[in-house]
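**Q** Would you mind keeping the following structure in view while I ask a few things?
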Amino acid sequence: MKFAYVLSAILLVSLWSCSTQNSSTSSIDKSLIAYPEYTGEYDGFSLVLDERFDDFNEDIWKKGDGAVGAEAHCRFQDQGVQVTDGLLELVIRQEHVLPSWSFDHDQQKYDYDFSCGELHTIPGKKIRYGRIETRMKAPNRETASGYISSLFTYTNDFDRDAPNAEKQEWEEIDVELEGGRPDKFQANLIYGMNTWQWSKTRDYGAWEDKITVGPVDEWRVFAIEWVPDAIRWYVDGELVKTLAIDDINCQPECVSPQTFPTPIPDNPTQIFMNFWIPNDEIQDVFGGNKRDNMYPMKTQYDWIRYYQLDSHPVENWR
């Protein structure tokens, strides 16, 4: 019985999908490893992207060249993203990174002592609503104690130098794995108005929840379901968090530290995955202390799928 259970836990689910848009990296007859109940079918959603990481598809993906911000102890570099044997690997290395211009951030970056990896969809491949899911694995807890590994949506086109900037919204929905909490993941909604500073988003609420789900340094399927009136997070098919508009709209009153009502994100956005280490100042509260990190270290993604919400079809994917 134990042997049969192990086999069922790594069930190969063969999925036939004629709607796949990433034909150069996906094969409709290739088995998809998920969890036993996985069907890959959701009412009201249609598969648009089926990425198996058989090679690197520049028509879909771009490597990041910036950094998360002052809280990051590493700089995103090309060598931090590698596609090998059907897996995406984001890698952190202890190596000197010289100062250089970031095209992602449109600014000069100083030097770093660590490189790391980020992958995001190209600007022409944006999404608005839908379901994003990935099978991923964080690095082994015995050799990685301080890191952040992620799947998220993000847009914030605020021009900090424009004298009369139009309204710009920071909209971000996250799955974050942390080295300091290897049996949990963090579900985030981050929203801000006319700001590029994370601290200013607190005016719209601290919508962060650390959820116990079991080992994240083993293969798990994480999913974000984003619809106009709610965001839902799933782990291995189980709904673990729902954030509805009624939770964040300040009716009848705001939830501290929130001072303004927060909408469910509604702007076109890119899909991101990144892997980085926190700086010394924040590592004991977010990400985990880096004392046990052994470099190079990596987080792995087996596949990623995006389903459009059929009532709000996406553009430029077909």
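The values are calculated or read from the model by the stated rules, or taken from the named source; none is laboratory data. All figures in this text were calculated on a predicted structure; none of them were measured in a lab. FYI the Cβ positions are ideal-geometry reconstructions off the backbone, even for glycines, and counts take in every protein chain you see. Calculation scope for accessible area: heavy atoms of the full protein, side chains included, ligands and nucleic acids excluded. Shrake-Rupley method; radii C 1.70, N 1.55, O 1.52, S 1.80 Å.
**Q** Here are some residues: Leu7, Leu12, Leu32. Which one is farther than 25 Å from Ser311 by Cα, modelled with pLDDT under 50 and either aromatic (Phe, Trp, Tyr) or in contact with a strand residue (DSSP E or B) (Cβ under 9 Å, 6 or more places away or on another chain) (or both)?
**A** Just a single option satisfies the conditions, and that option is Leu12.
**Q** Let me ask another. From the residues in the range 167-178 that are within 18 Å of Phe260 (Cβ to Cβ) and open to solvent by 10 Å² or more (accessible area, probe 1.4 Å), which one is farthest from the chain's Cα centre (by Cα)?
**A** Initial filter on the range 167-178 (within 18 Å of Phe260 (Cβ to Cβ)): 167-172.
Filter again for open to solvent by 10 Å² or more (accessible area, probe 1.4 Å), leaving 167-170, 172.
Details: Lys167: 25, Gln168: 21, Glu169: 18, Trp170: 15, Glu172: 9 Å.
The qualifying residue farthest from the chain's Cα centre (by Cα) is Lys167.
**Q** I've got another one for you. Do we have any residue at all in the range 253-265 that's part of a strand (DSSP E or B) and not basic (Lys, Arg)? Give the steps one after another, and end with the answer.
**A** Narrowing the range 253-265 to residues part of a strand (DSSP E or B): none.
The answer is no, given that none of the residues of the range 253-265 is part of a strand (DSSP E or B) and not basic (Lys, Arg).
**Q** Under 8 Å between Cβ atoms, which residue pairs at least 6 apart in sequence (or on different chains) link something in the range 226-237 that is part of a loop (DSSP other than H, G, I, E, B) with a partner that is crowded, with 17+ Cβ neighbours inside 10 Å and of a type in the set (Phe, Trp, Tyr)?
**A** Once the first residue is part of a loop (DSSP other than H, G, I, E, B) and sits in the range 226-237, its partners that are crowded, with 17+ Cβ neighbours inside 10 Å and of a type in the set (Phe, Trp, Tyr) give Pro228/Tyr129; Asp236/Tyr35; Gly237/Tyr35; Gly237/Tyr38.
**Q** With (1) touching a Phe, Trp or Tyr at 6+ places or on another chain (Cβ under 8 Å); (2) at pLDDT 95 or above; (3) open to solvent by less than 70 Å² (accessible area, probe 1.4 Å); (4) farther than 20 Å from Thr153 by Cα as the list, and Lys298 as the residue in question, which single condition is left unmet?
**A** (3)
**Q** Yes or no: Arg181 open to solvent by 20 Å² or more (accessible area, probe 1.4 Å), touching a helix residue (DSSP H, G or I) at 6+ places or on another chain (Cβ under 9 Å) and of a type in the set (Lys, Arg)?
**A** No; evaluated as a whole, the condition is false for this residue.
**Q** Further question on the same structure: Output the number of residues of the range 222-256 satisfying the condition of being among the β-branched types (Val, Ile, Thr) and surrounded by fewer than 20 Cβ atoms within 10 Å (Cβ to Cβ).
**A** So the count comes out to 5.
**Q** Tyr306 is checked against (1) assigned to a loop (DSSP other than H, G, I, E, B); (2) modelled with pLDDT of 95 or more and fails just one. What number does that condition carry?
**A** (1)
**Q** So, one more: Can you pull out every residue in the range 116-143 that is assigned to a strand (DSSP E or B) and among the hydrophobic types (A, V, I, L, M, F, W, C)?
**A** Listed by number, the residues that qualify are Cys116, Leu119, Ile127, Ile132, Met136.
**Q** Oh, and also: Show the residue pairs meeting these rules: Cβ distance below 8 Å; 6+ apart or different chains; first residue within the range 82-101 and touching a residue at least 40 places away in the same chain (Cβ under 8 Å); second residue open to solvent by 60 Å² or more (accessible area, probe 1.4 Å) and acidic (Asp, Glu).
**A** The qualifying pairs are Gly86/Asp54; Gln94/Asp113.
**Q** Can you pull out the residues in the range 86-115 that are within 20 Å of Asn57 (Cα to Cα) and either assigned to a strand (DSSP E or B) or not aromatic (Phe, Trp, Tyr) (or both)? Break it down stepwise before answering.
**A** Start the filter on the range 86-115 by keeping residues that are within 20 Å of Asn57 (Cα to Cα), which leaves 86-91, 103-104.
Result: Gly86, Leu87, Leu88, Glu89, Leu90, Val91, Asp104.
**Q** Ok, one more. Looking at Ile271, Ile277 in this structure, which one is more than 22 Å from Pro182 (Cβ to Cβ), in contact with a strand residue (DSSP E or B) (Cβ under 9 Å, 6 or more places away or on another chain), open to solvent by less than 20 Å² (accessible area, probe 1.4 Å) and not hydroxyl-bearing (Ser, Thr, Tyr)?
**A** Ile271
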